[in-house]
1. Hey, got a sec? Which trypsin sites (Lys or Arg not before Pro) in segment 26-85 land in a DSSP loop and have at most 15 other Cβ atoms within 10 Å?
2. Which of the residue pairs 274/324; 284/360; 109/274; 305/366 have a Cα-Cα distance greater than 24 Å in the structure shown?
3. Can you tell me the Rg and Dmax of segment 117-215, counting just the alpha carbons, in angstroms?
4. When a/c reaches 1.5 or more, the comparison of a/b and b/c decides; with that in mind, is segment 264-385 rounded, prolate or oblate per its Cα gyration tensor?
5. Which Rg and Dmax, in Å, describe the Cα atoms of segment 232-297?
6. Amide H of residue 293: which non-local residues (sequence gap of 5 or more, or other chain) have their own amide H closer than 5 Å, using H built in the peptide plane?
7. Would you pull out the residues with amide H under 5 Å of residue 172's amide H, same chain only if 5 or more places away, H placed 1.01 Å from N?
8. On the first, second and third principal axes, largest extent first, how far apart are the outermost C-alpha atoms of segment 319-385 in Å?
Amino acid sequence: MRKLEVFDTTLRDGEQSAGVNLHRHEKLEIALQLERYGVDVMEAGFPASSQGDFLAVQEIAKRVRNVSVCGLARAHVSDIDAAWEALKEAVEPRLHIFLATSPIHMEHKLRMTPDQVVEAAVSSVRYAAAKFPVVEWSAEDATRSEWTFLARIITAVIDAGAKVINLPDTVGYSTPAEYVAMFQYLRENVPNAHCVKFSAHCHDDLGLAVANSLAAIASGVEQIEGTINGIGERAGNAALEEILTALVIRRDWYEVETNIELAQTALTSKLVSKLTGISVPPNKAVVGGNAFAHESGIHQDGVLKNTLTYEIIRPEMVGYGSNKMVLGKHSGRHAFREKCMELGILLEEEQFNALFNAFKSLTDHKKEVTDDDILALLLESGQQE
Ligand code: KIV
Ligand code: ZN
């Protein structure tokens with residue numbers, strides 16, 4: 001099994017979600033939970049972006065002792081200096097410098113020539129490497145960049161001192177096969193590639209962030225980036241908890257190990273949702289409210305006989321108490337009988353049949369039948385005093 005490093009950016013890219021603004025003490029609370037979750041690196045913020053973020057990163061750097069704390073910077077000396085001031089007391093401070101490499105970004109956003117971009121990338125990495133033990137360099141919009149230009153600039157920043165090369169799918173444009181091909185091309189065409197770790201960072205504009213991340217992992221990247229609950233700019237980042245659960249459930253395929261405590265998943269997801277105010281959709285993989293709920297009679301019957309029939313993840317593995325049988329119009333006798341037993345309702349077969357029929361009629365009007373509904377049906381049927 002090879003080791004995969006987990007880089008969490010909930011507190012930086014995740015906080016860039018529209019409408020999210022975390023207070024310093026909220027960022028610290030999430031940081032301490034990410035430490036319990038077992039991430040290897042946490043990007044705590046962008047120190048040069050505001051005084052509030054500077055102070056938040058500084059506090060996290062002092063309080064988090066088991067995880068490398070990272071800060072984001074543009075290729076500007078003032079950003080790098082601000083990040084160093086915020087991070088210098090961290091156990092292993094990391095600087096994450098980014099600079100766009102795609103023609104569209106270089107021409108229209110940076111208004112720089114490719115040569116100027118290479119020069120700015122090299123000088124900023126060299127400056128940062130003199131302060132930080134680890135400098136990660138990101139080619140922003142890598143997936144819309146020319147591969148030959150990527151090879152040129154990556155070779156130069158590795159020579160200047162970068163230890164991690166991150167290739168973000170900044171606008172969620174890539175596909176699994178294309179993303180893998182880009183990493184392979186760069187490993188083969190960057191002569192000093194063996195000196196660094198490669199990292200994948202995906203956005204979800206086409207709903208492919210997790211698939212692209214997993215493809216990059218299968219192709220050999222040493223670090224994966226993402227956010228809890230997949231929060232982030234626009235459609236968000238790759239949902240870390242989904243990737244990390246897939247790596248465990250499909251260990252046979254990915255053959256990587258992480259330091260993650262998967263049982264902390266539920267708590268981490270709930271905390272991020274509560275403090276950011278972004279609710280988790282019920283059907284979201286792993287952490288959605290329905291992720292372990294079974295509604296149809298056929299599924300409920302299967303799960304009651306053997307959970308493996310319809311559950312590939314044990315709920316307790318990711319920190320949830322148990323699965324949930326939702327009683328609705330698709331539910332069958334087996335699940336209804338289990339529910340009655342759970343509620344202490346013991347009936348003769350004929351009485352049970354009558355109660356089951358009453359329950360079925362109710363499901364024509366009600367999507368989900370609760371315990372109270374069943375007790376009310378029992379009272380109405382006169383089978384209970
Ligand atoms: O998606 C992206 O390109 C980023 C960079 C800042 C690394 O988040
Ligand atoms: Zn991003």
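We did not get these values from a lab; they are worked out from the coordinates using the rules stated. Not measured: the values here are computed from a predicted model. Note that each Cβ is placed from the backbone with ideal geometry, even for glycine, and that neighbours are counted across all protein chains shown.
1. Details: sites: 27, 36, 62, 63, 65, 74; in loops: 65, 74.
For trypsin sites (Lys or Arg not before Pro) across segment 26-85 that sit outside H, G, I, E and B with at most 15 neighbouring Cβ atoms in 10 Å, the list reads 65.
2. Details: 274/324 22 Å; 284/360 28 Å; 109/274 35 Å; 305/366 27 Å.
Violating the 24 Å Cα-Cα cut-off are 284/360; 109/274; 305/366.
3. Rg then Dmax for segment 117-215, in Å: 13.2, 39.
4. Details: a/c = 2.49, a/b = 1.90, b/c = 1.31.
Verdict is prolate for segment 264-385.
5. 13.4, 40
6. Amide H to amide H, under 5 Å and 5 or more residues apart or across chains, residue 293 pairs with 324.
7. 203, 205
8. Here the Cα extents, ordered largest to smallest, are 40, 25, 19 Å.
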